[in-house]
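To start, the structure itself, in structure tokens.
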Amino acid sequence: MAAAVNTPYRLWAATAALLLTLGTGTGRALEVPPPAYQLAAQQAGVPSPVLYAVALQESGTRLRGRIVPWPWTINVAGRAERYATHAEACAGIRRALSRVPANRIDAGLAQVNLGYQAHRYNGPCEVLDPYRNLAIAAQILREQHTPGEDWLLAIGRYYRPAGGAPAARYRRSVNQHLARVLGPGISLTSARSITP
């Protein structure tokens, strides 16, 4: 008797098959999410292009002519701050916490909110660890997704659980990053089969 295939493996296999399929024919995948995104997404049951597109939106910065997520980014009361190292970003968080409430500070690749997500970490600088940050973001995306629903709706709720116009604007912005990752003519809706 064959062992049951667990859901994360099925998700990974479906994502890999989708990306291979996108590489043929008229639609071509333009970027494969880096391994850390694939791992965090697989563990949470989230499509890796979704997690990567959110990080591109949240902490993306231009580096060598490309927009890439930057792990040592913090946002303090609506103002982005980028640091060269983890230590500098951690010091930036500590300074920010002395001036503003934790719920006005987002940190890391996926800009995890330090106040609203405090139950997910032990200390604020932990959120700067790229692997931990992606794991938290993937968990939040998973929690915001309803099975059978388009992942773009979960993406909007990741930004603003109450929805409305801000969530719609955010979905449109992230969708542009998804197009960069998935390729021209491929939408997340057509990739719906990769959801668990």
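The values are calculated or read from the model by the stated rules, or taken from the named source; none is laboratory data. This is a predicted model, so every value here is computed, not measured. Please note: Cβ atoms are built from the backbone with ideal geometry, for glycine as well, and neighbour counts cover all protein chains shown. Just so you know, the surface numbers come from the protein's heavy atoms only, side chains and all, with ligands and any DNA or RNA stripped out. Shrake-Rupley method; radii C 1.70, N 1.55, O 1.52, S 1.80 Å.
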By residue number, the members of region 46-70 that are hydroxyl-bearing (S, T, Y) and either over 17 Å from Y170 (Cβ atoms) or surrounded by fewer than 17 Cβ atoms within 10 Å (Cβ to Cβ) (or both) are S48, T61
Screening G92, G156, G115 for residues that are of a type outside the set (D, E, K, R) and part of a loop (DSSP other than H, G, I, E, B) leaves only G115
Notebook entry, point to check: Right, Q43: at pLDDT 95 or above, assigned to a helix (DSSP H, G or I) and open to solvent by 70 Å² or more (accessible area, probe 1.4 Å) or not?
Noted result: yes
Q. Is it the case that Y170 is open to solvent by 30 Å² or more (accessible area, probe 1.4 Å) and among the hydroxyl-bearing types (S, T, Y)?
A. no
Scanning region 7-30 for residues that are within 14 Å of V181 (Cα to Cα), open to solvent by 30 Å² or more (accessible area, probe 1.4 Å) and either at pLDDT 50 or above or in contact with a helix residue (DSSP H, G or I) (Cβ under 7 Å, 6 or more places away or on another chain) (or both) gives R28, L30
When (1) in contact (Cβ under 8 Å) with a residue 60 or more places away in the chain; (2) in contact with a Lys or Arg (Cβ under 6 Å, 6 or more places away or on another chain) are applied to Q144, the one that fails is (1)
Residue hits (region 126-146; under 19 Å from W72 (Cβ atoms), more than 13 Å from the chain's Cα centre (by Cα) and surrounded by fewer than 18 Cβ atoms within 10 Å (Cβ to Cβ)) are E126, D129
Going through region 83-110 in order, the residues found to be loosely packed, with under 15 Cβ neighbours inside 10 Å, within 18 Å of Y121 (Cα to Cα) and small (G, A, S) are A87, A91
G183: passes all of (1) within 13 Å of the chain's Cα centre (by Cα); (2) closer than 18 Å to Q38 by Cα; (3) open to solvent by less than 30 Å² (accessible area, probe 1.4 Å) but (1)
(request) Answer yes or no: is there a residue in region 151-174 that is within 19 Å of A36 (Cα to Cα) and among the small types (G, A, S). (result) no
